[in-house]
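The values are calculated or read from the model by the stated rules, or taken from the named source; none is laboratory data. Predicted model, so just to flag it, every value in this text is computed and none were measured. For neighbour counting, all protein chains shown are included, and Cβ atoms are generated from backbone atoms with ideal geometry for every residue, glycine included.
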Amino acid sequence: MQIRSCASLSSTDATLASQKRSGHLAELYSALRRADPFSVFDTFLHITKGGEPLAAAEYRHIVQVMLQARPQTRQTTDQILVLIEHVKRTQRMYSKATSPSDRLIARDLSLLLQDAYLWNALLSSARGRQKHLPLQALAEVLDLFVAAEHATNDLDLSVQNILSNGTGSRPKFPDTISYNILLHSIARSVPKEVGRQRTLPSSLSGIRREIQLARYTRKDAQALFFQIWQTLQHEGKPTPISWAIRVFFLVKTGQITSAQEALRESIRENNCSATAITTLLDAYAQNHRADPKMPEQLASIYTLLRSNTTLDEHPRPGHSEEDNSALRLILGLEQIPANIVPERGTYAVLIRCFTQADDLNRALQVLHDMVMAPNPASVRGQEIERDSDQNQQYVNAQGSGMAPSADIYHSFFLAFARRGTPASVKTRGDSALAWEWSIKTNNSWNVTALAQLFEGYLRVHPKDTPPFRSKPRQSNGFRAPAPNVKQLNTVLLALCKVGQDHAAWVEMQWARLAEKFGDEAYWYSFHTNQQINRVLEELRNGTDPQAINIDLR
């Protein structure tokens, strides 16, 4: 009787445990359908508290949902690493089994641990979280790279043999994209301290310790970059993005001649990209800002790039043989490959250069070209910041150009804040759009030009904000950061410069701006500072916009 009671109790406990697990699984599937990363992870912890494993497909689905969390915080990354540790333990348990079904489960879990998509997404989010602290971002990327190597190297040898003979469609870590992210993290975080030549630690974890101990120098960065580059050449194949990163690194370390040689080598390898050319154009513009000939030199190169957008479908080997000293001086080339067309970064650099040189007409022409010229199908993937790596393909559909981002408009507004010409503005009624003005000068930096740009600025969509990814963003459900305080100060000063004697007009335009970027359904982090609030108060009190002082530092 006693034994029967215990057996009955044991059976009841097992039934309750099974029902509890079924309930947690139902909660997990519901959270997965909602794509709720926080609920997914909490439910995962409840399910696995007793040590019971999930199916490989369930682990993969959990990872996909958590990788889609926005913003991708350090906490989310740590949670994914906890999940990966659980997968590793489960994989080891199944790899020791003898049944074919268990070995198949071990293989599926091993494929997840080796999935380059998983690790590259984590690497990319770590790099992007610390944009203003690039050395800290490099440290996080190195930590994840080491964790990924441990996860893939610790697999059972027999399972690795099965994997090597399989035909999995997903690439294994590390692939070319993995190395590109690591190379770009190194290039972004070059220390100012030159240091002396020395032998680098042989492992990435050793280099991570050097960063932690503040012993990582510019010489170390150079040695590490080319060490990873050699590994990429040995294990993978450099892509146009890889070469663009190499050019960027050489420019960042002040090796312009070497960067030009790298550009020529990328052309010989058929791996040249507009990103690499744009990097050299930007470097020249920054280093020769005071040279009055610089804008004209960049304009001549832009003319060559722009002519590639008007080619018909028949390819052309290159440009004409006519002399182009600017091309040789800035890019170290005799001609630009005919398949290279301007990208977003190219337009942004040229607009910034021409606005700084007070050449509004030329800057507006570049903006027009950006909107109307044929759009490279891969333009969203040409940015170094992207997460995937695809071959370039071009289309010739007229009018399918790129929508300008807010940053491009801010280049114009900064110039208007410096050079804006006052105009007498008169409003008609209470509408911010019903107004007229009189121009007292022939200066092109006037309220007419600014008003047209301001209307375009108010049409900027979150999906057209950087960083640009390889796949176009959906129009709905994507939120982007609003312009920062310094950019808002610039816009406000530009409005004051051209508004002259009509404070109400400036205030009405600002209200439209605040309404747009304050919409939390599309934008986040919109806020003002004391200076903006002071200026708005002065405008409400009727102060002449020309008398208002705004510090842009």
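A quick yes/no check of all residues on (1) among the small types (Gly, Ala, Ser); (2) at pLDDT 90 or above:
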site	(1), (2)
Thr12	no, no
Leu16	no, no
Gln19	no, no
Ala26	yes, no
Asp42	no, yes
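With respect to Thr98, is the statement that it is assigned to a loop (DSSP other than H, G, I, E, B) and more than 30 Å from Trp523 (Cβ to Cβ) true? Yes; evaluated as a whole, the condition is true for this residue. So which pairs qualify, if the first residue must be in the range 332-358 and touching a residue at least 40 places away in the same chain (Cβ under 8 Å), the second must be of a type in the set (D, E, K, R) and part of a loop (DSSP other than H, G, I, E, B), the Cβ gap must be under 8 Å, and the two must be at least 6 apart or on different chains? Hits for this filter: Glu343/Glu383; Arg344/Glu383; Gly345/Glu383; Gln356/Arg289.
Residues in the range 424-437 that are of a type in the set (Ser, Thr, Tyr) and modelled with pLDDT under 65: Thr427, Ser431.
Would it be correct to say that Asn489 is within 15 Å of Phe416 (Cα to Cα) and part of a helix (DSSP H, G or I)? Criteria met by Asn489.
To keep it simple, each residue is scored yes or no on (1) touching a Lys or Arg at 6+ places or on another chain (Cβ under 9 Å); (2) among the β-branched types (Val, Ile, Thr); (3) under 22 Å from Thr346 (Cα atoms); (4) modelled with pLDDT of 60 or more.
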| residue | (1), (2), (3), (4) |
| --- | --- |
| Tyr409 | no, no, yes, yes |
| Phe416 | yes, no, yes, yes |
| Pro422 | yes, no, no, yes |
| Ile439 | no, yes, no, yes |
| Asn443 | yes, no, no, yes |
| Leu450 | yes, no, no, yes |
| Pro472 | yes, no, yes, no |
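Is it the case, given these coordinates, that Pro201 is assigned to a loop (DSSP other than H, G, I, E, B) and under 20 Å from Ala147 (Cα atoms)?
Numbers: assigned to a loop (DSSP other than H, G, I, E, B): yes; under 20 Å from Ala147 (Cα atoms): yes.
Judged against the criteria, Pro201 is a match.
Filter the range 332-384 down to the residues that are in a helix (DSSP H, G or I), of a type in the set (Gly, Ala, Ser) and modelled with pLDDT under 90 and list them by number. Please lay out each step first, then the result.
From the range 332-384, those in a helix (DSSP H, G or I) are 344-356, 360-372, 379-381; that's our starting set.
Filter once more, keeping what is of a type in the set (Gly, Ala, Ser): 345, 348, 363, 381.
Gly381, the sole residue that qualifies.
Could you tell me how many of the residues in the range 285-316 are of a type in the set (S, T, N, Q) and modelled with pLDDT under 90?
As a first pass, look at the range 285-316 and keep what is of a type in the set (S, T, N, Q): 286-287, 297, 300, 303, 307-310.
Among the residues that remain, those that are also modelled with pLDDT under 90 are: 307-310.
Selection size over the range 285-316: 4.
When only residues in the range 482-537 that are under 18 Å from Ile408 (Cα atoms) and among the β-branched types (Val, Ile, Thr) count, which is surrounded by the fewest Cβ atoms within 10 Å (Cβ to Cβ)? Across the range 482-537, the extreme among qualifying residues is Val485.
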